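For reference, the structure is listed below as structure tokens.
The values are calculated or read from the model by the stated rules, or taken from the named source; none is laboratory data. Just so you know, these numbers come straight off a predicted model, no measurement behind them. Glycine gets a Cβ as well: all are built from the backbone with ideal geometry, and neighbour counts include every protein chain shown. To get the accessible areas, we keep the full protein, side chains included, count just its heavy atoms, and leave off ligands, DNA and RNA. Shrake-Rupley method; radii C 1.70, N 1.55, O 1.52, S 1.80 Å.
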Amino acid sequence: METIIITTAVVTGFTGILAILLTLADRTIANYGEKKLVINEDREYIVKGGSTLLSALIEEKIFIPSACGGKGTCGYCKVKVLEGGGQVLPTELTWLTEEELKNSMRLSCQCKIKEDMKIYIPEELFNVREYEATVELIEDMTSVIKKVRLRLSEGAEIDFKPGQYIQLKIPAYDGNDEEDYRAYSIASSPHDKNHIDLYIGYTGGTATTYVHKFLKEGDKVYINGPYGDFYYHDNRDKEMILVAVGTGIAPILSILHYMAENEIDRKATFYFGARTPDDLFELDLIKYFEEKIPNFKFIPTLSRVTEEHKWTGARGRVNVHLEKDIENADNKEAYLCGSPAMIDTVVELLKKKGFTDENIFYDKF
Ligand code: FES
């Protein structure tokens, strides 16, 4: 028994040392030089070998969605690698379906450029631009959520669909050595092309620490976008079920701005889940939407109220009310935004009521 334990420890130790040596060798000895990157067959770039595909694309001002700052934990940065790219790494497997693996999809943040490569990316990503902006306003919405309003510099304009998101560049700061990007949904009206409103909740991570502890009004920031296939579908007239928790309210507010400004009178009910009355925000703006959009109804529902709160509104999680209020899927579609747990629960519930994939749009974060 003792021999087995010693042998296992020696093998584990040896493997660990080998892995460290290989990583160090890759970083210090390996010099891949310059490599050719061909995108969509007709665009050629000479890029630094050894860097990740994601950072090489950013260097060329080609922006791929990347909500985790290249850490391999969001699964957003998928591109199709037609040639080069080597073996799929274990860190990518969690995020790639069998279908995607068959179609040569890779996580660009994990895939290193060690040889010439050919890749394919959706043409619309070439329209994603980087914008310089000034922080015009920072306002506390709750004890953990700040509203950040950005004004694009020199009259620049951004075209986006209500529901889409941008990526905010997180610079190095005291306690964070590396630049990073984080995705935030746009909360403002798509008609105001010079401003972007974001709601950013504090999590203690590098991006939210930067926003909550370092960012000031008047600071210059960089954003890129717009991104995302979660957006208001204009060509429909179905009743809308809108559901959000926490900062998931952002894209829903952008959709409501759009509906108010375009005098859209589709029936729409917005279920907003929070814990206590202190977690509700932008109530005046929502009141304005209630006055402006003829068939719009707002149902805030709180899951942790006590008698002290004197709350007379709806109680419980959003799914409790959806279960009760929605009889069937007839002529309805749903827009959901919030945590993966909330979205999974609500999607399951809606599907039981007859909703199909085509009638459920969601943005998990
Ligand atoms: S998985 Fe998040 S950027 Fe690649």
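Tabulated data for the structure shown
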quantity: Residue in region 27-49 that is modelled with pLDDT under 95, outside the structural domain of Gln167 (by TED's automatic domain parsing) and within 16 Å of the ligand (Cβ to nearest atom) present; calculated: no
quantity: Residue match in region 295-304 (condition: more than 21 Å from Ala187 (Cα to Cα) and either outside the structural domain of Tyr335 (by TED's automatic domain parsing) or touching a Leu at 6+ places or on another chain (Cβ under 9 Å) (or both)); calculated: yes
quantity: Region 166-191, residues that are within 16 Å of Arg149 (Cβ to Cβ) and touching a residue at least 60 places away in the same chain (Cβ under 8 Å); calculated: Ile166, Tyr184, Ser185, Ile186, Ala187, Ser188, Ser189, Pro190, His191
quantity: Subset of region 327-364 [assigned to a loop (DSSP other than H, G, I, E, B), without any contact (Cβ under 8 Å) to a residue 40 or more places away in the chain and open to solvent by less than 80 Å² (accessible area, probe 1.4 Å)]; calculated: Asn328, Ala329, Lys353, Gly354, Phe355, Thr356
quantity: Residue ID - surrounded by the most Cβ atoms within 10 Å (Cβ to Cβ), chosen from residues in region 54-79 that are within 16 Å of the ligand (Cβ to nearest atom) and over 20 Å from the mean Cα position of the chain (by Cα); calculated: Ala56
quantity: Candidate set from region 161-194 (those that are touching a helix residue (DSSP H, G or I) at 6+ places or on another chain (Cβ under 6 Å) and surrounded by fewer than 15 Cβ atoms within 10 Å (Cβ to Cβ)); member that is nearest to Gly228 (Cα to Cα); calculated: His191
quantity: Tally, over region 305-326, of residues that are open to solvent by less than 50 Å² (accessible area, probe 1.4 Å) and either of a type in the set (D, E, K, R) or outside the structural domain of Ala274 (by TED's automatic domain parsing) (or both); calculated: 0
quantity: Identity of the residue in region 80-109, near the ligand (Cβ under 10 Å from one of its atoms), in a loop (DSSP other than H, G, I, E, B) and hydroxyl-bearing (Ser, Thr, Tyr), that ends up least open to solvent (accessible area, probe 1.4 Å); calculated: Ser108
quantity: Residue check, Thr269 crowded, with 17+ Cβ neighbours inside 10 Å, modelled with pLDDT of 95 or more and outside any helix (DSSP H, G or I); calculated: yes
